[in-house]
Amino acid sequence: MSNTFRIGVLGSGKGSNFVAIADAVAAGKIPAEIAVVLSDVEDAGILVHARERKLPAQFIAPGKFRTKLDEDAERVFVAALHNAKVDLVVLAGFMRVLKGDFLRAFEGRIVNIHPSLLPCFPGLQSWKQALDHGVKVAGCTVHFVDAGVDAGPIIGQQAVPVLDNDTPESLHQRIHAAEHDLYPKCVAALARKEISVVGRRVMWKKS
Ligand code: GRF
C-alpha cells in the first residue's frame, strides 16, 4: 500500500468544510487522500457530497443518545476508521462529543473546527454568543480534540470583523467563509507533518 496520508472525515450536516477540504485535496493543495467519510445523520449533505466525489461514504446509526455516540456506535465508527487506515480524523460539523475509547484509538490525531476564536464562546451557536457579547472581532479555530469540549490545543485561527449591522446569519456566513480558508490549510500542514505540539502549544514548521 502507498504511504499517502489518509484522512477520515466525520460530519453531521451540510458538509461545506468537507467540500473545501476535498477540493483542496483534488487540487493537490493537501498531500493526502480522503479514505472515508462517515456521518451519524443518514441524509446529511456531507454524505451526498462525498458520494458525488466517488469517495467511500457511510452512515452509522449513533444509538440512543442525543449528544454522544453509544458504545456500539462508537465501536463501529472506530472500526470503520481503522479499516480505512486513517492517519487523521477530521471533524467537520460532527455534532456529537467524542468520548474515551474513540479518543484513545486516535489520540493526538483528531482535529475539529469551531466557529469562534477559542477559548471564547465554546459550545453551540458561537456566532450568536459573539454578537450577544458585543465583540468586535470573531472568527474560527482549528484545534486538536481532547476530552474537553472545544478545548484541545489550537492549531490555527482566522479572525473576521463583526460589523455594526451584522445579524447572527451574516456573521455566521462570514465565519463560515473563513473556515473554508483555514481548515484546508491546517489539514495540509498536518498531512505534510509540519505541525508539532509541546504541551498546549502547537508549532508550525516553515515549509
Ligand atoms: C461549521 O460552522 C463548524 O465550525 C462547526 O460545524 C459547522 C459545519 O458546517 N463545527 P459544514 O457542515 O462544514 O457546512
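The values are calculated or read from the model by the stated rules, or taken from the named source; none is laboratory data. Everything numeric in this text was worked out from a predicted model, so none of it was measured. Here the Cβ is made from the backbone with ideal geometry for all residues, glycine too, and neighbour counts use every protein chain on show. Surface areas here come from the heavy atoms of the whole protein model, side chains and all, with no ligands, DNA or RNA. Shrake-Rupley method; radii C 1.70, N 1.55, O 1.52, S 1.80 Å.
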Query raised in the report: Which of the DSSP-defined H helices in the chain satisfy a minimum axial length of 24 Å, computed from C-alpha atoms, and a minimum mean Kyte-Doolittle hydropathy of -0.5?
Result: 168-191
Query raised in the report: Given 64/99; 29/54; 85/205; 185/205, which pairs have Cα atoms separated by over 21 Å?
Result: 85/205
Requested in this report: Would you mind getting the Kirkwood hydrodynamic radius of the range 6-118 from its Cα pairs, rounded to one decimal in Å?
Outcome: 14.0 Å
Report task. Report the net charge of residues surrounding residue 158, where surrounding means a beta-carbon distance below 15 angstrom and charges are Lys +1, Arg +1, Asp -1, Glu -1. Result -> 0
Query raised in the report: For the chain, what size does the Cα cloud have along each of its three principal axes, sorted from largest down, in whole Å?
Result: 52, 45, 36
Report summary line: Given a 1.4 Å probe, the accessible area of the range 1-77 per residue, as a whole number of Å², is 51 Å²
Query raised in the report: Arranged from highest to lowest average of other beta-carbon atoms within 10 Å per residue, in what order do the peptides 32-45, 157-170 appear?
Result: 32-45, 157-170
Report summary line: In deg cm²/dmol, rounded to the nearest 500, the helical mean residue ellipticity at 222 nm of the chain, built from -39500 (n - 2.57) for every DSSP H run of length 4 or more, is -10500 deg cm²/dmol
Query raised in the report: If you roll a 1.4 Å probe over the range 28-143 with all protein chains in place, what percent of the accessible area is carbon or sulfur?
Result: 54 percent
Query raised in the report: Kirkwood Rh, the range 1-66, all Cα pairs: how many Å?
Result: 12.3 Å
Report summary line: With all protein chains in place and a 1.4 Å probe, residue 21 shows an accessible area in Å² (nearest 10) of 0 Å²
